[in-house]
Amino acid sequence: MPSPGMSACSVHRRAVRSYNGNMDANSDVWHRLSGGTDCPLCVPRAEFDANVYRVRQLTSCTLYLARDQRYRGACRAIYDRRHVNRIDELTAAEWQQLAQDLWRAQQAIVRTVRCDHLNLASLGNEVPHLHWHLIPRYRDDGRWGQPIWRADAVPDAPRHLAQPQYAALAAALNEALDAELATPPITGPR
């Protein structure tokens, strides 16, 4: 949890800045964050900040729209129940519930934005708290057939939406999630 008086966003920016140098020199910062101290992704989190716009709390995680919408519908699902760094730190039941939430989230994203593909990534290199990036991909997105994150590439400028556009996209995702939540949970092969 961030220190009193610090927003999760400012802690995240500070953590990210610290990793942009030599990781060996910043191992104390990473170790502290991985233990949950000053973790910007532990609850409580802001509903809206410079990085995310809250869509909905699911059973084990909260789904947020990424503020950077270069890939329309890009979201993050952040694990809520406790601070963990990786899926191997979850119980089998916790992993099953998170997997169900991720499945429903990706179904809602695909239904809402009609993307051609969807990338799902959990890295934790910069902020070691279990979270997933759900990135819709489009045949005309400029990086089709390539990874969106490349160390050797000049990053594209972020694409921010107007506040009403985030609200409309979040509402559409919520509507699609309502439809997903109305279907029975997965209990075996489909």
TODO: Compute the distance in nm between two label points, each set 7 Å from the Cα along the Cα-to-Cβ direction, one at Arg150 and one at Tyr138.
DONE: 2.0
Task: Least to most buried among Thr183, Thr37 (fewest other Cβ within 10 Å first) - done: Thr183, Thr37
Task: From phi via Karplus (6.51, -1.76, 1.60), per-residue ³J(HN,Hα) for region 75-85 in Hz, x at Gly/Pro - done: 9, 10, 10, 10, 5, 9, 5, 5, 7, 9, 8
- [ ] Pop the C-beta distance of Trp95 and Ala121 into the FRET formula with R0 = 22 Å and round what comes out to the nearest 0.05.
- [x] 0.85
Task: Sum of side-chain charges, Ala74 neighbourhood, beta-carbon under 12 Å (Lys, Arg +1; Asp, Glu -1) - done: +4
Open item on the list: How would Tyr64, Tyr53 line up from fewest to most surrounding beta-carbon atoms within 10 angstrom?
Closed with: Tyr53, Tyr64
Task: Amide H within-cut-off set for Val55, under 5 Å, with H built and near neighbours excluded - done: Leu63, Tyr64, Leu65
Task: For region 99-105, Karplus couplings with θ = phi - 60° (6.51, -1.76, 1.60), whole Hz, Gly/Pro x - done: 4, 4, 4, 5, 4, 5, 4
- [ ] Specify whether the C-alpha gyration tensor of region 33-190 places it in the rounded, prolate or oblate class, a ≥ b ≥ c being the square roots of the eigenvalues: rounded for a/c under 1.5, otherwise prolate if a/b is larger than b/c and oblate if not.
- [x] rounded
Task: Local net charge near Gly142, Cβ-Cβ under 15 Å (Lys/Arg +1, Asp/Glu -1) - done: +2
- [ ] Kindly put Ser60, Ser122 in sequence by how many other C-beta atoms sit within 10 Å of each C-beta, fewest to most.
- [x] Ser122, Ser60
Open item on the list: Would region 121-169 count as rounded, prolate or oblate if I go by the C-alpha gyration tensor, calling it rounded below 1.5 in a/c and otherwise prolate when a/b exceeds b/c, oblate otherwise?
Closed with: oblate
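FYI, it's all coordinate maths here, none of it is from the lab. Model, not experiment: these values are computed from the prediction. Counting neighbours? That spans all protein chains shown, and the Cβs are built from the backbone with ideal geometry, glycine included.
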